[in-house]
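Here's the structure, in structure tokens; my notes come after.
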Amino acid sequence: MFGVSRVAFRTARGGPTGDAFVSRKHRRFDDLPEGATVGTSSLRRRAQVLNRRPDLKLVDLRGNIDTRLRKLDEQDLDAIVLAEAGLVRLGVADRITEILDPSWMLPAVGQGAIGLECRADDTETKRVVSALRCPETFARVLAERAMLYALGGGCLVPIGTTSKVLDGVLTVRGAVLSPDGKRRIVGTHSGLATAPLAVGQELAAMLLAEGADELLKT
């Protein structure tokens, strides 16, 4: 088997990583009336929305971005929630009504990052791909994924995270929720950006110590 060389980068050196609130009826998420209907297919988004607004009605929303935007109108939904990165990269950022505050709507692990890989022995391709590498993004993605792996979670578990690198210090914030959004455990941890795996693993240990393992079993 060939060895693999990997890089990671985010467009515009750091964005977009958030979750977007899209609505034709309301200007902000907090403007949604009681019992409003919101569409999303993500368990992570569902849990965080319900944690903030348990009165809302959540409906599954499947399909590509164009299909989901169309369903917003066809199903007369009050709003839908989509990844900011997808809307921006498909040239429909004008449909974004609000970028949800990451203090309560934490993105998915690696959200907004683009990963490229090639054969480790393919020198020319490796040279071209390496030119796109963003060291800060690579460290952030490694830390976020290390946290997820240490928690034993996957795409079917409500886990959110956000991270940043400042002056060589990597800070990761993570949250684990119950599927119904009633319980939420959140933590923040910092360490050297040169040791991203340790930062992510240590944050996971903090969350588990607070009882995240109980939520992960629900």
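If you check Ala108 against the conditions, is it under 20 Å from Leu148 (Cβ atoms) and surrounded by 17 or more Cβ atoms within 10 Å (Cβ to Cβ)? Quick ask: steps written out before the conclusion?
Details: under 20 Å from Leu148 (Cβ atoms): yes; surrounded by 17 or more Cβ atoms within 10 Å (Cβ to Cβ): yes.
Considered against the rule, which asks whether it is under 20 Å from Leu148 (Cβ atoms) and surrounded by 17 or more Cβ atoms within 10 Å (Cβ to Cβ), Ala108 comes out as yes.
Please go through segment 169-185 and pick out each residue that is of a type outside the set (Lys, Arg) and touching a Leu at 6+ places or on another chain (Cβ under 8 Å). Break it down stepwise before answering.
Start the filter on segment 169-185 by keeping residues that are of a type outside the set (Lys, Arg), which leaves 169-172, 174-181, 185.
Correct list: Val169, Leu170, Val172, Gly174, Ala175, Val176, Leu177, Ser178, Pro179, Asp180, Gly181, Ile185.
Residues that are over 22 Å from Trp104 (Cα atoms) and at pLDDT below 95, at least 3 per element: which strands (runs of 3 or more DSSP E) completely within segment 3-49 meet that?
On the way: elements: 4-10, 19-22, 37-39.
In segment 3-49, the matching strands (runs of 3 or more DSSP E) lie at 4-10.
Among the candidates Leu132, Leu156, which residue alone is assigned to a loop (DSSP other than H, G, I, E, B), under 27 Å from Leu192 (Cα atoms) and not acidic (Asp, Glu)?
Only one candidate passes the filter, namely Leu132.
Looking at Arg119, Arg145, Arg140, can you tell me which residue is at pLDDT below 90 and assigned by TED's automatic domain parsing to the domain that holds Gly200?
Details: Arg145 fails: at pLDDT below 90; Arg140 fails: at pLDDT below 90.
Of Arg119, Arg145, Arg140, the one residue that is at pLDDT below 90 and assigned by TED's automatic domain parsing to the domain that holds Gly200 is Arg119.
Looking only at segment 67-82, decide whether some residue is at pLDDT 90 or above, of a type in the set (S, T, N, Q), over 21 Å from Thr161 (Cα atoms) and in a helix (DSSP H, G or I).
Yes.
Return the total of residues in segment 60-95 being surrounded by 15 or more Cβ atoms within 10 Å (Cβ to Cβ) and over 24 Å from Gly115 (Cβ atoms).
As a first pass, look at segment 60-95 and keep what is surrounded by 15 or more Cβ atoms within 10 Å (Cβ to Cβ): 61, 65, 68-69, 71-72, 77-89, 92, 95.
Remaining after also requiring over 24 Å from Gly115 (Cβ atoms): 61, 69, 71-72, 77-80, 95.
Selection size over segment 60-95: 9.
Return the residue satisfying two criteria in turn: it lies in segment 180-196 and is surrounded by 16 or more Cβ atoms within 10 Å (Cβ to Cβ) and not small (Gly, Ala, Ser), and of such residues it is nearest to Leu142 (Cα to Cα).
Pro196
Which number in (1) surrounded by fewer than 19 Cβ atoms within 10 Å (Cβ to Cβ); (2) in contact with a Leu (Cβ under 6 Å, 6 or more places away or on another chain) marks the one condition that Ala146 misses?
(1)
When you look at Met147, is it outside any loop (DSSP other than H, G, I, E, B) and either in contact with a helix residue (DSSP H, G or I) (Cβ under 8 Å, 6 or more places away or on another chain) or among the basic types (Lys, Arg) (or both), yes or no? First the steps, then the outcome.
Details: outside any loop (DSSP other than H, G, I, E, B): yes; either in contact with a helix residue (DSSP H, G or I) (Cβ under 8 Å, 6 or more places away or on another chain) or among the basic types (Lys, Arg) (or both): yes.
For Met147, the condition - outside any loop (DSSP other than H, G, I, E, B) and either in contact with a helix residue (DSSP H, G or I) (Cβ under 8 Å, 6 or more places away or on another chain) or among the basic types (Lys, Arg) (or both) - is met.
Applying the selection to segment 167-188, what residues are under 19 Å from Leu43 (Cα atoms) and either in a strand (DSSP E or B) or of a type outside the set (Gly, Ala, Ser) (or both)?
Step one: filter segment 167-188 for residues under 19 Å from Leu43 (Cα atoms), giving 173-186.
Once the filter is applied, which keeps residues that are under 19 Å from Leu43 (Cα atoms) and either in a strand (DSSP E or B) or of a type outside the set (Gly, Ala, Ser) (or both), segment 167-188 yields Arg173, Gly174, Ala175, Val176, Leu177, Pro179, Asp180, Lys182, Arg183, Arg184, Ile185, Val186.
If a residue has to be in contact (Cβ under 8 Å) with a residue 60 or more places away in the chain and closer than 19 Å to Gly110 by Cα to count, how many in segment 164-185 make the cut?
So the answer is 4.
Are there any pairs, at least 6 apart or on different chains, whose C-beta atoms fall under 9 Å, with the first in segment 127-142 and farther than 25 Å from Val172 by Cβ and touching a residue at least 24 places away in the same chain (Cβ under 8 Å) and the second of a type in the set (A, V, I, L, M) and crowded, with 19+ Cβ neighbours inside 10 Å, and if so, which?
Between residues of segment 127-142 that are farther than 25 Å from Val172 by Cβ and touching a residue at least 24 places away in the same chain (Cβ under 8 Å) and residues that are of a type in the set (A, V, I, L, M) and crowded, with 19+ Cβ neighbours inside 10 Å, the close pairs are Val129/Val7.
Go through (1) assigned to a helix (DSSP H, G or I); (2) over 22 Å from Pro54 (Cα atoms) and name the single condition Glu214 misses.
Failing condition for Glu214: (2).
Out of the residues in segment 19-36 that are under 12 Å from Asp73 (Cα atoms) and of a type outside the set (A, V, I, L, M, F, W, C), state the one that is surrounded by the most Cβ atoms within 10 Å (Cβ to Cβ). Lay out the reasoning, then the answer.
Initial filter on segment 19-36 (under 12 Å from Asp73 (Cα atoms)): 22-25.
Then keep just the ones that are of a type outside the set (A, V, I, L, M, F, W, C); that gives 23-25.
Values: Ser23: 22, Arg24: 12, Lys25: 14.
Residue satisfying both the conditions and the ranking: Ser23.
The values are calculated or read from the model by the stated rules, or taken from the named source; none is laboratory data. Nothing here was measured: the structure is a model prediction, and the numbers come from that model. Please note: Cβ atoms are built from the backbone with ideal geometry, for glycine as well, and neighbour counts cover all protein chains shown.
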